[in-house]
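Here's the structure, in structure tokens; my notes come after.
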Amino acid sequence: MGIWIQQYKSSGQQVNIVTDDRFYSEGCESDYDLAHYQTPRLMMCLWEKLKTDYQAVCCE
């Protein structure tokens, strides 16, 4: 994402970055809208919980 933003800025466009607390960029947080830096095993666990329990609960 950062590379795309830099390329966009380099073309002379203005970029306004807005923070949204629902996007947790430091790992996983239950009831997240977005999870970063998860191992394949943790992603599979998250997916299974979403399919069976319909809840976003971290597997750590």
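Values quoted throughout were computed directly from the atomic coordinates according to the rules given, and no laboratory measurement underlies them. It should be emphasised that the depicted structure is a prediction, and the values quoted were computed from it without experimental measurement. Positions of Cβ are generated from backbone atoms using ideal geometry, with glycine treated the same way; all protein chains shown enter the neighbour counts.
So how do 12-21, 45-54 stack up, highest first, on mean other-Cβ count within 10 Å?
45-54, 12-21
Assign unit charges at the C-beta atoms only (+1 for Lys and Arg, -1 for Asp and Glu), then state the dipole size of the chain relative to its Cα centre in Debye, rounded to the nearest 20.
300
Could you go through the stretch 48-53 in sequence order and give the Karplus-derived ³J(HN,Hα) for each residue, using 6.51 cos²θ - 1.76 cosθ + 1.60 with θ = phi - 60°, rounded to whole Hz, and x for Gly and Pro?
In residue order, the calculated couplings are 4, 5, 5, 5, 8, 9 Hz.
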